[in-house]
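Only one structure is covered here, and it is reproduced in the block below.
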Amino acid sequence: MDVSSLPISPSHRGKLISAGYSSLSSLSSLSPSRLALDLKISENEAVEILKVASVRSGQDKIESGSRALVNGAQTAWDMLHEEESSKCITTSCSNLDEILSGGIHCKEVTEIGGVPGIGKTQLGIQLAVNVQIPAEYGGLGGKAVYIDTEGSFMVERVLQIAEACAQDMLEYNTLLRRDSQACLVDKQPKSFLDNIFYFRVCTYTEQIAVINYLEKFLSEHKDVGVKVVIVDSITFHFRQDFEDMALRTRLLSGMALKLMKLAKKFNLAVVLLNQVTNKFVEGSFQLTLALGDSWAHAATNRIILYWNGNERHAFIDKSPSLPSASSPYTVTGRGIRNSTSNCKRVKLM
Amino acid sequence: MAPLEDLERDYPIIDSNFRMFCASHGIFTDTDFLMHDLSALEAFARQDYAPQKLEHGIKQILSIIESGQRPWLNGLELLEDSQLNKCTLSTGCESIDILLQGGLRAGHVTELVGPSCSGKTQVCLKAASHVARNSLGKVVYFDTGNSFSPKRVAQFLSFSPDPSTTQLNKTVERDMSSIVCHSVFDIFTLLDMLRQLRNNLRSQISFQMRMLIIDSLSSLIAPVLGGGGVHGHALMATAGLLLKEIAHESNLCVVVTNHMVAGEAGMLKPALGESWKSIPHVRLLLSGKYSANGTRIKILKHPYLASGKSTDFVVI
């Protein structure tokens, strides 16, 4: 087993190889002080390297009596049951929820892109509020993390949407639960604001740092139950002034994997808002999502928001299980809602 | 390349006396042993005061080294192996099976490359459900983008567009229990899992595994590839070699997906670069956006079929 397949920093790897330790067995019976002396590194770093090496070589031994083909894997049947019992985050627009088969799903990374002014930030804020709808009303009862890279998060607007949401919940309560037990604790609009953790990042290094820090943040706040992470927008700091495109690809794919891992590990939904750009395809310019082809694979689902005449529409571009469909929606004073078209004639869908 | 001290744990004949004898001839690891003149070593051993133990030790080390090698095979043995063990698994899509003259072959690493939304994950899910439905064996699915959809697999298995209303009966449960899915988010974890899988399959515990799907390998390698160092290429090559080893030894079909990046003149080219091109046995290109009318699939590389042949397919 090779030292080059250990997840340690490149400088340590180089030092190990030049000092003659090229296989894991050569590290197996070494003391940290000896290693530190040989490599000229601190003893703490030597302890770390030996710990990683012993974990790796321990996994090589066949576990007698372990019947699993791959440790930690789940069968598709168990995953199906988990998926069926998990709830989605509603977007407050029933047409949109319908094409998404319930709303934004947890354990998945959803990318939402569109032209400026189409309502991406509005949708992001709506989701940050809707994730907090308590379980009794069919929601997730969780908290939200909002990472703002553009500075488009307006607290007054969040308050407005939160008030509308609280009003809707009250209406639902009075309409449908008259016969049941006493009215549940209704949420104050200000308490919606309490449950949104807001991070403002100004450079791409800060963005990467926040995403690296999120894992620690989420495991510290495990009892708190963050259920959605919204990044608005994921592309802003990577578009201008990035000279080294290869570095950009590596950073973006690394970031995508980390977000996937967070979604799976903490059972939350990750929503990434993206901008659009012009692409020269087959002789004409077409609008596509920014960051190119390599980023197109980073999300599990992709929704594109676009203008159709005077109406805003959402289109499912990429999904492993949903068919391609599109639906209209509007942005009102109360948030994202179904579009009520002004046309008096019945539209043929 | 193990130092001789480590071998003492498992083979007590290689004790400190023997090691001192070897050290006096400049032999510290098993590689040094191979590079030394063995007949001269044996002559020295005979002149020693305890010749039997030393000769046993030399024989033991030789047998350890030989057991780590693969045996030589001739063409007839390879043909027998390919006819008996390396069978073809259908992908679940008739048109792809016709194009590949049977489907995916055991022992081959097949790569599906295509732009975003061309249907790579759909083909993988369909192939997995096909293996499950016909109870051919187990499928291991390594998922890097949380795109393994059990709902879609249930749709394939029960022929119904809306699985929540269908009676999910015992056969669907049994079929879906033979597909095992694991999420992998970095290349080091993948290499560990592959080594673990190889060891488990080698230890003769009957798992009846037929297919291994990695969706997608390129998103694991992209963060480490490039940047002036060759470490990313080394990891990619290690992963490729491990996959080929597992495919050949345990007679599995290995399916790997790759994405595309911008190449010259605005054309798309497969990601992972030139060094990856020689690693998979079969490379299939899916072009265009996946639609209900059919997507084009083309053979880019195949050991015995002509490349350039293409057909349209649809995943129902």
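The values are calculated or read from the model by the stated rules, or taken from the named source; none is laboratory data. Because the structure is a prediction, the values reported are computed rather than measured. Every residue, glycine as well, gets a Cβ built from its backbone with ideal geometry; the counts of neighbours run over all protein chains shown.
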Check A:A246, A:A209, A:A256 and return the single one that is within 14 Å of A:V271 (Cα to Cα) and part of a helix (DSSP H, G or I). A:A256
Would you confirm whether or not region A:16-27 contains a residue that is part of a helix (DSSP H, G or I) and either among the aromatic types (F, W, Y) or at pLDDT 80 or above (or both)? yes
Do we have A:T149 as more than 28 Å from A:K261 (Cα to Cα) and polar (S, T, N, Q) here? no
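Okay, residues lined up against (1) within 12 Å of chain B (Cβ to nearest Cβ); (2) of a type in the set (D, E, K, R):
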{"site": "A:K15", "(1), (2)": "no, yes"}
{"site": "A:G20", "(1), (2)": "yes, no"}
{"site": "A:S23", "(1), (2)": "yes, no"}
{"site": "A:L30", "(1), (2)": "yes, no"}
{"site": "A:S33", "(1), (2)": "no, no"}
{"site": "A:D38", "(1), (2)": "no, yes"}
{"site": "A:V47", "(1), (2)": "no, no"}
Sole miss for A:I208 among (1) without any contact (Cβ under 8 Å) to a residue 40 or more places away in the chain; (2) surrounded by fewer than 22 Cβ atoms within 10 Å (Cβ to Cβ) is condition (1)
Among residues of region A:291-304, those that are surrounded by fewer than 22 Cβ atoms within 10 Å (Cβ to Cβ) and at pLDDT 80 or above, counted: 1
Exactly one condition in (1) in contact (Cβ under 8 Å) with a residue 24 or more places away in the chain; (2) touching a helix residue (DSSP H, G or I) at 6+ places or on another chain (Cβ under 9 Å); (3) farther than 15 Å from B:F142 by Cβ is not met by B:G229; state its number. (1)
Of everything in region B:232-254, what is more than 11 Å from chain A (Cβ to nearest Cβ), free of Cβ contacts under 8 Å to residues at least 60 places away in the same chain, among the aliphatic types (A, V, I, L, M) and more than 22 Å from A:W295 (Cβ to Cβ)? Give them in sequence order. B:L241, B:I246
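Just checking: which of the strands (runs of 3 or more DSSP E) contained wholly in region B:255-316 hold 1 or more residues that are in contact (Cβ under 8 Å) with a residue 60 or more places away in the chain and touching a Phe, Trp or Tyr at 6+ places or on another chain (Cβ under 7 Å)? Show your work before the answer.
On the way: elements: B:260-262, B:268-270, B:282-287, B:295-301, B:310-313.
Result: B:295-301.
For region B:178-195, enumerate the residues that are within 8 Å of chain A (Cβ to nearest Cβ) and within 12 Å of the chain's Cα centre (by Cα). Outline the logic, then answer.
At the first step, the residues of region B:178-195 found to be within 8 Å of chain A (Cβ to nearest Cβ) are B:178-183, B:185-186, B:188, B:191-193, B:195.
B:L191, B:M193, B:R195, listed by residue number.
State whether the residues of region A:106-119 include one that is modelled with pLDDT under 85 and hydroxyl-bearing (S, T, Y).
Quick first cut of region A:106-119, residues modelled with pLDDT under 85 only: none.
No, region A:106-119 contains no residue that is modelled with pLDDT under 85 and hydroxyl-bearing (S, T, Y).
When residues of region A:233-253 are filtered for being within 19 Å of B:D186 (Cα to Cα) and surrounded by fewer than 18 Cβ atoms within 10 Å (Cβ to Cβ), how many remain? Write out each step before concluding.
Restricting attention to region A:233-253, the residues satisfying the condition of being within 19 Å of B:D186 (Cα to Cα) are A:246-253.
With surrounded by fewer than 18 Cβ atoms within 10 Å (Cβ to Cβ) added as a condition, the list becomes A:246-247.
Looking only at that region, the number is 2.
Just one of B:S118, B:S147 is within 14 Å of chain A (Cβ to nearest Cβ), crowded, with 22+ Cβ neighbours inside 10 Å, out of contact with any Gly (no Cβ under 8 Å at 6 or more places or on another chain) and part of a loop (DSSP other than H, G, I, E, B); which is it? If you could, list the steps in order and put the result at the bottom.
On the way: B:S118 fails: out of contact with any Gly (no Cβ under 8 Å at 6 or more places or on another chain).
The unique qualifying residue is B:S147.
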Of everything in region B:170-195, what is more than 29 Å from B:M236 (Cα to Cα) and out of contact with any helix residue (DSSP H, G or I) (no Cβ under 6 Å at 6 or more places or on another chain)? Give them in sequence order. B:K170, B:T171, B:R174
Would you confirm whether any residue within region A:259-273 is touching a Leu at 6+ places or on another chain (Cβ under 9 Å) and aromatic (F, W, Y)? yes
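Kindly indicate whether A:N308 is polar (S, T, N, Q), under 29 Å from A:S101 (Cα atoms), surrounded by fewer than 18 Cβ atoms within 10 Å (Cβ to Cβ) and in contact with a Cys (Cβ under 7 Å, 6 or more places away or on another chain).
Numbers: polar (S, T, N, Q): yes; under 29 Å from A:S101 (Cα atoms): yes; surrounded by fewer than 18 Cβ atoms within 10 Å (Cβ to Cβ): yes; in contact with a Cys (Cβ under 7 Å, 6 or more places away or on another chain): no.
For A:N308, the condition - polar (S, T, N, Q), under 29 Å from A:S101 (Cα atoms), surrounded by fewer than 18 Cβ atoms within 10 Å (Cβ to Cβ) and in contact with a Cys (Cβ under 7 Å, 6 or more places away or on another chain) - is not met.
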Pick from region B:227-255 the residues that are touching a Lys or Arg at 6+ places or on another chain (Cβ under 8 Å) and closer than 18 Å to A:L6 by Cα: which of them is surrounded by the most Cβ atoms within 10 Å (Cβ to Cβ)? B:L242
